[in-house]
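FYI, it's all coordinate maths here, none of it is from the lab. Just so we're clear, the structure is a prediction, and the values are computed from it rather than from any experiment. Cβ atoms come from the backbone with ideal geometry, glycine included; neighbour counts cover every protein chain shown.
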Amino acid sequence: MSTTSHIQYVTLDYVTLDSASSDVGSDFATSEVRLLCADTLEVAALVFDSCDAPAAAGIRGGLVSARQLLYKSGTFCIDMRMQPKPGTDSVVLIGQLLDSDQPTQGMSNVPVSLVCEGDTVARRRTNSFGEFDFGFENLHHTQLIFGIGKRRTIVVPVPDAELEAA
């Protein structure tokens, strides 16, 4: 068992604290993982989901081309769009990390990991505007993990990619 066993079993929808914190990139060395406590792991709250929005008047429904999501954790906002790739089971997820306390500054070089059931699927860093993107097959029980600074981790639950009839 690892030296971080005292927090190893704290779970959040399929992601253990150890794996979520260590997978976000080089900003989280093993020594930093040991220092994490419950109040540094934040789960972003869903503020808006376009699937929950009522259909426009006169529109019967059909295939949803994209799903827009907005999450918030403290002053941080995560704006995401999930779009199916035509003719495949793949989904493109694009988004932007913003800090409402510093709206004119981009959240650049922030490590972001796409995690599915505790396993890291892909890693990226945000660009100078705080933007990130992932392409993946229809994954289930997926999260985005953002490493903000050296001591703050934000977990964003990604809804299963079911972009079917509304």
Under 5 Å between amide hydrogens, which residues at least 5 positions from residue 158 or on another chain qualify, with H placed 1.01 Å from N in the peptide plane?
142, 143, 144
For residue 90 and residue 124, extending 7 Å from Cα along the Cα-Cβ vector and measuring point to point gives, in nm, a value of 1.3 nm
